[in-house]
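The values are calculated or read from the model by the stated rules, or taken from the named source; none is laboratory data. This one's a predicted model, so the numbers in the text were calculated from it and none came from an experiment. Note that each Cβ is placed from the backbone with ideal geometry, even for glycine, and that neighbours are counted across all protein chains shown.
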């Protein structure tokens, strides 16, 4: 099992955000976590990316404990072999950095390239993988379209060869046509490189387009799990049914 999440609890003050969340992700699959606003999706994403430590619970990757609940009031964490693609591409990149520097940042921080020539070659290769031209290297974020910038963010996520990529509402800010293009790209990259995705979203249509398994999160708890995407119509929890009913013409 690539990732094992066990008994995550988290709260802000007296407000319970996550309540005994447990699930597993196998290598090479795409697991979707669907929930409405306020279900705990954002907090779960932050914990899985090491941006927050859970109050209780444990996260393992390939058998290694990445981090566990707080001890003596301080987070216990380790560097994560996990990367992410966020919803808001505009705020997830530095606007004064060139596209080349944005993609190269993980390579530089983790010292994965011995020199600038090798790094530039690697950036060009990553741009090609996401369907962009190396001629964009010296441009800035405001000079690219939203779809192009999300491809840049995917290239950056791939740069460090992560064991897991968290897709946090990764297509929600894009129009429908671009959404499909990005989802097709993610599917192609997964097939080509054996990538593992955890796709967190409120968008059932996007989740079903890409994922093999789906977990439904409501009020901080996993309330339903579908292990075969073709059995999605069998869900029983009211929230899961409501989200599915909102997707006109959903075919699973």
Among the candidates 227, 175, which residue alone is more than 30 Å from residue 155 (Cβ to Cβ), surrounded by fewer than 16 Cβ atoms within 10 Å (Cβ to Cβ), more than 15 Å from the chain's Cα centre (by Cα) and at pLDDT 90 or above? 227
A careful count of residues in segment 1-55 that are within 19 Å of residue 168 (Cα to Cα), part of a strand (DSSP E or B) and touching a residue at least 40 places away in the same chain (Cβ under 8 Å) gives 17
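Being over 13 Å from the mean Cα position of the chain (by Cα) and either buried (at least 16 other Cβ atoms within 10 Å of the Cβ) or without any contact (Cβ under 8 Å) to a residue 40 or more places away in the chain (or both), is that true of even one residue in segment 193-201?
yes
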Do we have any residue at all in segment 78-94 that's part of a helix (DSSP H, G or I) and surrounded by fewer than 17 Cβ atoms within 10 Å (Cβ to Cβ)? no
Go through 204, 152 for me and flag whichever is modelled with pLDDT under 95 and surrounded by 17 or more Cβ atoms within 10 Å (Cβ to Cβ). 204
Residues to consider are 185, 243, 215; find the one that is touching a strand residue (DSSP E or B) at 6+ places or on another chain (Cβ under 7 Å), surrounded by 15 or more Cβ atoms within 10 Å (Cβ to Cβ) and assigned to a helix (DSSP H, G or I). 243
